[in-house]
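Below: the structure, in structure tokens.
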Amino acid sequence: MTNPDRPTTPTSTSDMLERTRRRAETLRRRRRAALSGVAAVVVATAIAIPVLTSSSHRGRQVGVLGTPTSITRPSSSTTAPAAATSTSQTSPTTAPAGPTPASTTTGPTTSGPTTIGPSTTGPTTTGPTQPGTVPACATSQLRASLTNPSGAAGSVGYTLVLLNTGTTTCSLRGYPGVSYVNSNSGSPIGAPALRDSVTPIVTVDLAPGKAAQALLLEADPLNFPSNTCQLTNVAGLRVYPPNQTASLFIPQATHACSGAGDPDLQVSPVQPS
């Protein structure tokens, strides 16, 4: 007994080729059927995915729209810190801006009486300690004398001392006037003392008991021609303190030229002693 499903042995070459062709055709049909099934599955999947996605999206929208309080609550919670933040930012900026216009430190302090009071313009600028403000020494408060004689070629040098015998401070500035006289109250003899232009002029303030000095040179009258000198005896020196019209007398018996053309005295400006 033979099996009808079992293939029989080909009887010829053409039979074998025919069988091979039919087998290949069968395989091609099966392959096309399989590919058609796969394509159908792919198409169905491609259609199902957008549908499911759209349905899910609509579901979420419905859920969000259905519960609006779930949206407004987070929004109110987020705006509250924002307002707090803005308040915390503006408060430090407005705080320091407050005292700026209210500050008036430059107002009364610059124009008030405290800056121009008498303490700043008092005796420190006009007091008696400033140079040139001490009153000049009057002749009545001075005493004159000659000290430290020293011989030189044809002359004798002395230190003319002017002592403050008063009770207040006074000042001397400039040249004393010096000339020979024949007595304490007599008239001048010869020419007055020439002025030394080398020594600088300064102001000397004399407290009570203090002295200023000047250099006085007495030339030997024998150095001058006798016919012009006209040698004569003198009793002393008449001294005028600087800028004063009253004089002091220094006794000194000696000889001097009575002719005005032969001056035998020279004096320097007063200096500190």
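Laboratory data are not the source of any read-out in this text; all were calculated from the coordinates shown. Just so it is clear, the model here is predicted, and its values are computed rather than measured. A quick note on method: Cβ atoms are made from the backbone with ideal geometry, for glycine too, and the neighbour counts reach across all protein chains shown.
Computed quantities for the displayed model
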read-out	value
Leu17 paired with Leu231, simple spin-label distance in nm, labels 7 Å along Cα-to-beta-carbon	18.9
Calculated FRET value between His255 and Ala207, using beta carbons and R₀ = 41 Å, to 0.05	0.60
Sequence-separation-based contact order of segment 159-273, relative, with Cα cut under 8 Å and 6+ spacing, percent	41
Placed amide H near Ser171: partners under 5 Å, 5+ positions off or other chain	Ala136, Cys137, Leu206
Placed amide H near Gly177: partners under 5 Å, 5+ positions off or other chain	Tyr240
At R0 = 51 Å, FRET efficiency that the Cβ-Cβ distance of Leu194 and Thr169 yields, to 0.05	0.95
Vicinal HN-Hα couplings computed from phi for segment 206-219 (Karplus, 6.51 cos²θ - 1.76 cosθ + 1.60; Hz; Gly/Pro x)	10, 6, x, x, 9, 9, 10, 9, 9, 8, 10, 10, 10, 7
In Hz, Karplus ³J(HN,Hα) per residue of segment 153-161 (6.51, -1.76, 1.60; θ = phi - 60°; x = Gly, Pro)	5, x, 7, 10, x, 10, 9, 8, 9
